[in-house]
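*Asks:* There's a structure below that I have some questions on.
The values are calculated or read from the model by the stated rules, or taken from the named source; none is laboratory data. Everything quoted here is computed from the prediction, not taken from an experiment. As a convention, Cβ positions derive from the backbone with ideal geometry for all residues, glycine included, and neighbour counts pool all protein chains shown.
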Amino acid sequence: MSLDFTPVECKVPLASALQPQLVATAYFCDSYRTPLQAPPADVVEVFFAIFGHHPRWIKLALILRNRIARLCGLSVPADADVMAPSRKGTYKVGDLIGPWPIFSVDEHELIAGRDNGHLDFRLSILRELGAQSPAVVVSTVCVVHNWFGKTYLFFVVPFHRWGVKYIIARALRAGRL
């Protein structure tokens, strides 16, 4: 029997620090749960298992998106942070992980994101180790501030939904999760 590497869409877990206020006010939010075959030691390892191994074509697409966003006056990460994210030994609130500042980090959850004039977004990596089978839930929450944020999400969300599922499944297939 072959393993199914497709993450399952779910609600943002109540155990997440994103709940309940941020989720209630979100214009967009999604979450995907996947079992952990070989649970990484901490949430930072889970983050890099998923977001530290993008194929080159995804990295180039992200850089193109960032350059367009920069022309619109938005805060975006440096190309180098997308192409070769650096990894430190430890992380705390305010540090960059990949291209994003950390808003919260503990042994169970890491929340990173970015605030811009058009929208604020948060990415949560939540390890669920107390269940029968260990799992990770990757959640994205966006709060929009204006029509530009809504327009941006209109174009980005279809790619985001596909891309997040793709990179989680890819990490599972590679044995990183």
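*Asks:* Pairs please, first residue from the stretch 162-177 and farther than 18 Å from Val43 by Cα, second anywhere and surrounded by fewer than 19 Cβ atoms within 10 Å (Cβ to Cβ) and among the aromatic types (Phe, Trp, Tyr), Cβ atoms under 8 Å, 6+ apart in sequence or on different chains.
*Replies:* Arg173/Phe5
*Asks:* Could you check the stretch 142-177 and list, in sequence order, the residues that are assigned to a helix (DSSP H, G or I) and small (Gly, Ala, Ser)?
*Replies:* Hits for the stretch 142-177 are Gly149, Gly163, Ala169, Ala171.
*Asks:* Now a separate question. Mind checking which residues of the stretch 41-62 are within 28 Å of Phe148 (Cβ to Cβ), out of contact with any His (no Cβ under 9 Å at 6 or more places or on another chain) and crowded, with 16+ Cβ neighbours inside 10 Å?
*Replies:* Listed by number, the residues that qualify are Phe51, His54, Ile58.
*Asks:* Have a look at Ala135, Ala112, Ala78 and point out the one that is over 26 Å from Val8 (Cβ atoms) and small (Gly, Ala, Ser).
*Replies:* Exactly one of Ala135, Ala112, Ala78 is over 26 Å from Val8 (Cβ atoms) and small (Gly, Ala, Ser), namely Ala78.
*Asks:* Give the number of residues within the stretch 12-32 that are touching a strand residue (DSSP E or B) at 6+ places or on another chain (Cβ under 8 Å) and closer than 24 Å to Asn146 by Cβ.
*Replies:* 10
*Asks:* While we're on this one: Given the criterion surrounded by fewer than 18 Cβ atoms within 10 Å (Cβ to Cβ), under 17 Å from the mean Cα position of the chain (by Cα) and either in a loop (DSSP other than H, G, I, E, B) or at pLDDT 90 or above (or both), identify the matching residue among Ser104, Ser139, Ser133.
*Replies:* Ser104
*Asks:* Just to be sure before I move on: is Val46 at negative phi, assigned to a loop (DSSP other than H, G, I, E, B) and hydrophobic (A, V, I, L, M, F, W, C) in the structure I sent?
*Replies:* no
*Asks:* Filter the stretch 63-86 down to the residues that are assigned to a loop (DSSP other than H, G, I, E, B) and in contact (Cβ under 8 Å) with a residue 40 or more places away in the chain, then identify the one that is surrounded by the most Cβ atoms within 10 Å (Cβ to Cβ).
*Replies:* Top of the filtered list is Leu74.
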